[in-house]
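*Asks:* This is the structure I have questions about; it appears just below.
The values are calculated or read from the model by the stated rules, or taken from the named source; none is laboratory data. Bear in mind that the values here come from a model prediction, so they are computed numbers and not experimental data. All Cβ positions, even for glycine, are placed from backbone atoms using ideal geometry, and neighbour counts span all protein chains on display.
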Amino acid sequence: MNTLEQMIDRGHERVCFHVDQATGLRAIIAIHSTVLGNALGGTRRWHYATEADALYDVLRLSEGMTYKAACAGLTMGGAKSVILLPSHGQAGTEAEARAMGRFVDTFNGAYIAAEDVGVNTQFVDWMAAETRHVMGGETVSTGGDPSPFTARGVFNGMKACLAHLGRPLDFAGVTVAIQGVGSVGHHLATMLEDVGASIVAADISERNLDRLRETVPGAQIVAPETILTTPCDILAPCALGGVIDGNLAARLRCAILCGAANNILVDPDEDAVLLRNAGVLYAPDFVVNAGGLIELAGLHLGMTRAELDAKNDEIEATTREILARGDANTSTHAAAVALAKRRIADAAKEKVHAG
């Protein structure tokens, strides 16, 4: 399927590929939908094997952002951007960030950038030197690191899952296996440990594991290749997406799948059904990991601290509603997409009537 066919298939409004000759920046910005409002989405810096892989990633991620904002009840659209790195682990530079900021600025606010994998608050502030359409910095931009708020949203989603299964919400005696204890995974582990959960964790970064050992000394560390099939009550993928496919779904040894990673399922339409059939309760990732988006989008929209916290806590109620809709004839993923599309359609109708 070529680029245009992929855009049409997923319903994208605009996709732009950009090359900055001076810095070597190669980047893609994909706007999926602006029906609900201007689109906020992170900038991911990653080494892709091919440009086709980068395009697939940004199209899928941006579509997910549309559904994430809609399910969170935000008046924001969905978009994402990726920076194509020539090699893994290449450090970001001010020149690269400024070039990306200039690219973002060409969208005149229809796309608002933020941080994602490979981007930190410093990179965001460098971008902000070239555009005001960016959130998540600390000196030039505003918002700061959204990862604690993403973790809080996933925690709220986990509570909804326990409630759906008729289990207590105090987490005492609950074992949570976390794949990836970087920014979000680490915050989630500390939150869960504070409420009595037992933590099993894995990460390919020894530095991340050392930090976890200091803050959550009771955490059990296992090999990265075993974390997804380790026995637990809740499995929480918090690294990159695409980790659960149809083959693995039947081998999971958890009751609940609820994590912070975007696009946890390789093929969500099929894999969510397989999870249901395997007796695993799946909390759609774009619903439970919306806390970071809520924080930055909410600040952009002028919400107060109390309003931001209340909106994050709404993730629990929204997740409960979606889990209840995911019956034997559908999946929780399908129920979440249906909720998002319904809210977008309602907004589109209101625009037509208002116009």
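*Asks:* Take ARG207 and tell me if it is in the same structural domain as ALA272 (by TED's automatic domain parsing), within 28 Å of ASN277 (Cβ to Cβ) and surrounded by fewer than 16 Cβ atoms within 10 Å (Cβ to Cβ). Explain how you work it out, then say what you get.
*Replies:* Working: in the same structural domain as ALA272 (by TED's automatic domain parsing): yes; within 28 Å of ASN277 (Cβ to Cβ): no; surrounded by fewer than 16 Cβ atoms within 10 Å (Cβ to Cβ): yes.
So ARG207 does not fit the description; no.
*Asks:* Quick test for you: out of ALA340, ALA335, pick the one residue that is closer than 19 Å to LEU61 by Cβ and hydrophobic (A, V, I, L, M, F, W, C).
*Replies:* Working: ALA335 fails: closer than 19 Å to LEU61 by Cβ.
After applying the criteria, what remains is ALA340.
*Asks:* Which of the numbered conditions does ILE315 fail, given that it passes all the others? Conditions: (1) assigned to a loop (DSSP other than H, G, I, E, B); (2) under 23 Å from CYS254 (Cα atoms).
*Replies:* Evaluating ILE315 over (1) assigned to a loop (DSSP other than H, G, I, E, B); (2) under 23 Å from CYS254 (Cα atoms) leaves (1) as the failure.
*Asks:* What number of residues within the range 125-146 are of a type outside the set (A, V, I, L, M, F, W, C), on the phi < 0 side of the Ramachandran plot, buried (at least 22 other Cβ atoms within 10 Å of the Cβ) and not in a strand (DSSP E or B)? Break it down stepwise before answering.
*Replies:* Residues of the range 125-146 that are of a type outside the set (A, V, I, L, M, F, W, C), as a first pass: 125, 130-133, 136-139, 141-146.
Going one step further and asking which of them are on the phi < 0 side of the Ramachandran plot, we end up with 125, 130-133, 137-139, 141-142, 145-146.
Those left that are additionally buried (at least 22 other Cβ atoms within 10 Å of the Cβ): 131, 133, 137, 141, 146.
Those left that are additionally not in a strand (DSSP E or B): 131, 133, 141, 146.
Residues meeting the conditions: 4.
Yes or no, residue by residue, for (1) over 21 Å from the mean Cα position of the chain (by Cα); (2) in contact (Cβ under 8 Å) with a residue 24 or more places away in the chain; (3) assigned by TED's automatic domain parsing to the domain that holds GLU13; (4) over 24 Å from ASN38 (Cα atoms):
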{"site": "ALA72", "(1), (2), (3), (4)": "no, yes, no, no"}
{"site": "ILE83", "(1), (2), (3), (4)": "no, yes, yes, no"}
{"site": "PRO86", "(1), (2), (3), (4)": "yes, yes, yes, yes"}
{"site": "ASP105", "(1), (2), (3), (4)": "yes, yes, yes, no"}
{"site": "ALA110", "(1), (2), (3), (4)": "no, yes, yes, no"}
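*Asks:* Still on this structure, please answer the following. Need the failing condition index for GLY92 against (1) at pLDDT 95 or above; (2) in the same structural domain as GLY42 (by TED's automatic domain parsing), just the number.
*Replies:* Unmet condition: (1).
*Asks:* Answer yes or no: is there a residue in the range 30-42 that is over 20 Å from the mean Cα position of the chain (by Cα) and assigned to a strand (DSSP E or B).
*Replies:* Checked against the condition, which is being over 20 Å from the mean Cα position of the chain (by Cα) and assigned to a strand (DSSP E or B), the range 30-42 yields no hits at all.
*Asks:* Can I ask one more? Within 20 Å of ILE29 (Cβ to Cβ), in the same structural domain as TRP46 (by TED's automatic domain parsing) and either modelled with pLDDT under 95 or touching a Cys at 6+ places or on another chain (Cβ under 8 Å) (or both): does that describe GLU115? Reasoning before the result, please.
*Replies:* On the way: within 20 Å of ILE29 (Cβ to Cβ): yes; in the same structural domain as TRP46 (by TED's automatic domain parsing): yes; either modelled with pLDDT under 95 or touching a Cys at 6+ places or on another chain (Cβ under 8 Å) (or both): yes.
Spelling it out, GLU115 is indeed within 20 Å of ILE29 (Cβ to Cβ), in the same structural domain as TRP46 (by TED's automatic domain parsing) and either modelled with pLDDT under 95 or touching a Cys at 6+ places or on another chain (Cβ under 8 Å) (or both).
*Asks:* List pairs: first in the range 42-64 and over 17 Å from ILE264 (Cβ atoms), second hydroxyl-bearing (Ser, Thr, Tyr) and assigned to a loop (DSSP other than H, G, I, E, B), Cβ under 7 Å, 6+ apart or cross-chain?
*Replies:* Note: pairs meeting the criteria are HIS47/SER87; ALA54/TYR48.
*Asks:* For the range 24-36, check the following and say yes or no: at least one residue is among the β-branched types (Val, Ile, Thr) and in contact with a helix residue (DSSP H, G or I) (Cβ under 6 Å, 6 or more places away or on another chain). First the steps, then the outcome.
*Replies:* Filtering the range 24-36 for residues among the β-branched types (Val, Ile, Thr) gives 28-29, 31, 34-35.
Then drop every residue that is not in contact with a helix residue (DSSP H, G or I) (Cβ under 6 Å, 6 or more places away or on another chain), which leaves 28, 35.
The answer is yes, given that some residue of the range 24-36 is among the β-branched types (Val, Ile, Thr) and in contact with a helix residue (DSSP H, G or I) (Cβ under 6 Å, 6 or more places away or on another chain).
*Asks:* Quick one: in the range 1-29, of everything that is assigned to a strand (DSSP E or B), out of contact with any Leu (no Cβ under 6 Å at 6 or more places or on another chain) and charged (D, E, K, R), which residue is nearest to VAL119 (Cα to Cα)?
*Replies:* So the first thing to find is which residues in the range 1-29 are assigned to a strand (DSSP E or B), and the list is 14-20, 25-29.
From the residues that got through so far, the ones that are out of contact with any Leu (no Cβ under 6 Å at 6 or more places or on another chain) too are 14-20, 25, 27-29.
Remaining after also requiring charged (D, E, K, R): 14, 20.
Details: ARG14: 23, ASP20: 18 Å.
So, considering only residues that are assigned to a strand (DSSP E or B), out of contact with any Leu (no Cβ under 6 Å at 6 or more places or on another chain) and charged (D, E, K, R), the one nearest to VAL119 (Cα to Cα) is ASP20.
*Asks:* Being closer than 30 Å to LEU308 by Cβ and not hydrophobic (A, V, I, L, M, F, W, C), is that true of even one residue in the range 17-32?
*Replies:* Looking through the range 17-32, at least one residue is closer than 30 Å to LEU308 by Cβ and not hydrophobic (A, V, I, L, M, F, W, C).
*Asks:* From (1) farther than 25 Å from THR318 by Cβ; (2) in contact with a Ser or Thr (Cβ under 9 Å, 6 or more places away or on another chain), pick out the condition that doesn't hold for GLY144.
*Replies:* It fails just one condition, (1).
*Asks:* So which residues in the range 58-80 are among the charged types (D, E, K, R), assigned to a helix (DSSP H, G or I) and touching a helix residue (DSSP H, G or I) at 6+ places or on another chain (Cβ under 6 Å), if there are any at all?
*Replies:* Pass one, the range 58-80, residues among the charged types (D, E, K, R): 60, 63, 68, 80.
Narrowing further to those that are assigned to a helix (DSSP H, G or I): 60, 63, 68.
Of everything in the range 58-80, those that are among the charged types (D, E, K, R), assigned to a helix (DSSP H, G or I) and touching a helix residue (DSSP H, G or I) at 6+ places or on another chain (Cβ under 6 Å) turn out to be GLU63, LYS68.
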